[in-house]
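As structure tokens, the structure follows; a few thoughts come after it.
What follows is calculated from the coordinates using simple rules that are stated; it is not laboratory data. Everything numeric in this text was worked out from a predicted model, so none of it was measured. In this analysis, Cβ positions are derived from the backbone assuming ideal geometry, glycine residues included, and neighbour counts consider all displayed protein chains.
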Amino acid sequence: MRINRLDLTRYGRFTDSVLDFGQPTNGSPDLHIVYGPNEAGKSTTFDAILDLVFSIGSTSRYNFLHPYPTMRIGASINVGGEDQEFVRIKRPQNSLLDDMERAVPDADIRADLGGIDRDAFKTMFSLDNESLVKGGEAILASKGNLGELLFAASAGLADLSRQLTSIRADADGFYKYRAKSGLLGDLKARLVELKQQRDALDLQASEYQRLVLDRDRLTRLYNDAIEERAGTQRRVDEIKRILNALPVMTRLRALRSRLGELEVVREPSAVWRREVPELRRKEIELRVKLQDVSNSVQAVEDEISRIVVDAAALEASSQIDELTELRARYQTADKDIPKLAGRAADLSIEGLLLQLGRPEETTPERLLLDAATVGTLRSLIGAKSGVDERLVAAQGELEKVQRLLARESEGVDANLYSSPVLRKAFDALQAIVKAAPKSDQDIALRSLSRRRDSTLSELSEALAALRPWQGTADDLGSLPQPAGARLDGWKSRFSALEEQYRASQSELERLEPEARRLEAEIESLRGQTGSIDESQAAAARSTREMAWAAHRQSLSAVTAEAFVDAMRADDQVVAQRLIHFAEIGRLNQLLLRRASVGADITSQQKILERAAAGREAILSEIQQSLGSPTFGSGAVYDPWELEEWFRKRSVALKARGELAAIDAEVADVRDHAEQAKRSLIAALGDVDLSFSPSAQYNELVAAAEEALDGYHASANAAERVQRLMDDAIERTQLLEKARGAAEAWRLQWQSVCAGCWLHELADVPDVGAVTEILSVLEQLGSAVTTREGLVDRVEKMKQDQELFEAKIQRLAARLALSTDAAVLTIFQAIQDKIKTAGLNAERRDKLLVDLKDAQQKEHEMKIERELLEARVAEMTDFFDVTTLGEVETRMEVALQRGELESSISQAELELVQIAGAKAISEVEELIDGVDRATLEDELAKLSPMFEDQDVRYRDHFHALSKAKDALDAIGGDEKVAALDEQRRTTLLEIEESARRYMELRAGVAAAEHGLKLYRDRHRSGMMARASDAFRTISRGAYQGVAAQPGKDGDVLIAVSAGGGSKAANELSDGTRSQLYLALRVAGYHEFVARRTPVPFIADDIMETFDDFRAEEAFRLFGEMGMHGQVIYFTHHKHLTSIAKKVCPGVRLHDLEEVGRAGGLRVVAAE
């Protein structure tokens, strides 16, 4: 079983979170470190795994964010060798789903667990700090018992020794040899006490009859006293009820009289009582408001009639904005015209013409240049410096290259080394020299010879190790080898049979002495207890039961005597068995043990025979498979020896192959050297290099390298001269281009100057002169443009003034105003008249709106008055009156009648309750005609009478109780039968307790026997693994663990590095915890060796470990991860670095990143 992916869809604080463990990697441990700080969800994740596999319980502490119906966990799990998708939801049944949301049985996800439940899974395959500490305490409690510790480590049971001790103590509580106390002793003492009580019961029949008659007489007197006392009590209660009802009846009659005096009126609605005062208030309010509104309407109409609006002035109001703007222009022109005229007169361009050398110029505008001409001149001025710089630079570069060419060309013949044939020949020679061997041929051959001698020696040794097989190295290649699966099958079968044979032999060596010892103990106990066995006890009990049945049928003296004799005989047998109870229990236990040991001996003998026959069959099958004559007739191999022989055969075949490879390499070296020499001689001839034909290969290579160096030096010099010649040609061309560019600039400059008034100057101006002329021309252009603008502005201002004056004159004539005054004065009079007309129009419009609102309000109040009058008419008609005041009077009368009727009903109900009657008529009938004084006198007489009757009742009750107690103290046949029943119950309790005692003792013995078997079967493998793990985690402080015989069996001891030893229960707390961890690791290896691996989960068990022991613990987990999945939860960040260092293949998972990738809600869940 392996968890590939865990989906925390909606569980605890997680939402849509995924913990992906991925697929296992071959050759790498399946170890996972899940890191998360406190409250990050580590415990939540572990519980999610348990809930996924074993279902979510009826209640869960992880529903604080997601309610029960929405909780959901999913996973991809490898079960039965296949990856399957599972989903678990919170549901009483069918809570496990597949990836298609179909319900599947829980057995599908638990297929690899072999019936392990939730608690067993937590115990066997998880480990936390608490269980680690408990494991160390269990080592202390077991006192180092080897069998208990090995089984507890494999099953994860930290308190096995404590449980066995508890069972033994429970059994000893019933009986313990030579103990002074115990349940058996208490039950035997109880039997003696019951017998004494039965003997004491002996009384005359006449005394018993007298006590019975006395009890019956006192019973009659007691009943009469109770009846008489009850009658008096009933009359007293009746008188008290009548006396209590008299005041209430008086009040009821007064209320009925007041009700009759009131006038009978109709009962109005309850709403009317609250509505009438409001109606009266609204009636007055509406009358006053309606009068005010009428007065307002009349006042507004009068004011509207007094307002007069000038229509011509209103019509002219649309022109007032235009006239206001014209007035502003008029006033501005009045101020600005003198100033602008003065500025135009002050402007002068004579100074600028003088700077240009044209003082006689009459039209300055002619001297201004167009934008194109100015742009061309400025562009030519900017390009001048670049043209001159390029010309100077080209001349300097050409002179420099010419000097270098003259110096480098001395003594160099460029034509000699430019021959393609010569260059090709030297290139071929260089390639041959480069490919030539870098080591001497003789050295290589000597090295190969030494390797061949060594390999030949190894082959001879390998062939010698294959004896008694006889043959050559070539014969090995044709020898067939059994398939790996077949060889593994032989090994597994032979190993199982061998282990079975040894285990059976060991069991027989243990069981046969045990059987002889049991026979001796059985014979000894039979001699002590005699022949009192279970059959005799059963016969005595059967005789007693038959005698009792016969006595119940006849009830005669003869049957009574027979029953007494049978009962005494049965008691004697029981007493005799009780005396020898311990010996009989021990005998039964020994007989049971002897039968069990005998069956075990027979079973082990059969197993031993089958194992021996199976081993011989496997050896015969192996012998037949090795049918080659080279093995000889006496060669017999078990599977491991056969596997080792074929491994040695592989070594010999490998040596044979290496020898053949060396021989081929020697031949290749020699052929390659000869071919390289021939190629080098031919290449030297192609370059016309002289050499001695008898020269060695190394001398030829040296001569070739020297020739190549000379050729390359001369070729490089020729290449440099050619590059300088090419560079000189290129520089000459650049100089010509620079000279052409300078001439083109000069011609363009003359052409531009000829196209404007600059050609009128005596000489063509240079760049500096033209630059200054352009600056002065800019000032001249600005002065001419400014003067023209000022003249234009003055003309426009005068036009605006004339327009304003004309419009003012026309508008004044329309409004019947005088036009003799100044223009601005007339404008102010027009503006005032238009403003007055506008205000009057606005006032009239506002008053019209107010008039409309007042008329609407008057209409609404009249409607409201009509509705009010209709409501008042409804009430007056109901009471048949004319005003609201009369309505209020009638409603007050109705209210008083309702209150009186309610009080009368309450008084009647009170009377019925006091008198205990069913209706008020019965109470009136009871009270009518009674006299209060007479009733009080009767009550006064009954009170002392009741007290006397109560005293008599108590005396009779006391006498009757004493008579019953005396009769009960004497008892009768019932008492004897009860004592006999108690005695039989005690005997049955002894029997049941004895049976449970035997079961507990047998169970403890079976458990101890099973632990011994488990220890013998697993001690070798688990002890070796536990020793390695303990040595690793203690960092060599202890060599390991070992077994040593003790008084109760083998005990576990720890062997220190110095050779000393300590019992497991004598170690320190920390060392015991480390030893328990080592045992758990060994137990896991023992489990996965025989079963399908199951994930092992550890939760922060290294909190008390230093970094060094943490490294070793992770190394142990890495070894476990090679066989199954191991998941370690921690909130210590530094442990992840330690795990990565020890086990590079470990996979790290961060719960915070998992939560952020999903929808983690920050809610504490741990």
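Computed extension length for ALA328-ILE863: 186.7 nm, one decimal, from 0.36 nm per residue of separation with the Cα-Cα distance subtracted. Of the GluC sites (Glu not before Pro) found in the range 347-386, the ones in coil according to DSSP and having at most 11 other Cβ atoms within 10 Å of their Cβ are GLU360. Only aspartates and glutamates eight or more places from LYS134 in sequence, or on another chain, were considered; those with a Cα closer than 14 Å are ASP159, ASP1069.
Please check which bits of the range 84-108 a label hung off ARG5 would reach, taking the label as a point 7 Å along Cα-to-C-beta and the cut-off as backbone N under 20 Å. Hits in the range 84-108 for ARG5 at 20 Å: 84-89, 96-104. The range 27-84 and the range 847-876 have their alpha-carbon centroids 79 Å apart. Summing Lys and Arg as +1 and Asp and Glu as -1 over all other residues whose Cβ lies under 12 Å from the Cβ of ASP112 gives a net charge of +1.
Exposure proxy shown here: for CYS756, CYS1143, the number of other Cβ atoms within 10 Å sets the order, fewest to most, as CYS756, CYS1143. Label zone (SER305, point 7 Å along Cα-to-C-beta; backbone nitrogen cut-off 17 Å) within the range 840-864: 844, 847-848, 851-852.
Does the range 783-867 come out rounded, prolate or oblate by the C-alpha gyration tensor, with a ≥ b ≥ c the root eigenvalues, rounded set by a/c under 1.5 and, if not, prolate when a/b is larger than b/c and oblate if not? It is prolate, given that a/c is not under 1.5 and a/b is the larger ratio.
Under 5 Å from the amide H of ARG5 lie the amide H atoms of PHE21, SER76, each residue being 5 or more positions distant or on a separate chain, with H modelled from the backbone and absent for Pro and chain starts.
Straight Cα distances below 23 angstrom link LYS648 to the lysines LYS491, with same-chain residues fewer than 8 positions distant left out.
Cross-link reach is defined here as a Cα-Cα straight distance under 16 Å, omitting same-chain residues fewer than 8 places apart; for LYS1133 the lysines meeting it are LYS42, LYS1141. Could you calculate the FRET efficiency of PHE878 with SER902 from 1/(1 + (r/R0)^6), where r is the beta carbon distance between them and R0 is 22 Å, rounded to 0.05? It comes out at approximately 0.45.
Here the simple spin-label model places points 7 Å from the Cα toward Cβ, and for ALA549 and ASP488 these points are separated by 7.0 nm. By the count of neighbouring beta-carbon atoms within 10 Å, fewest first, LEU1116, LEU479, LEU587 end up ordered LEU479, LEU587, LEU1116.
The ranking of GLU1111, GLU1103 by Cβ neighbour count inside 10 Å, starting from the fewest, reads GLU1103, GLU1111.
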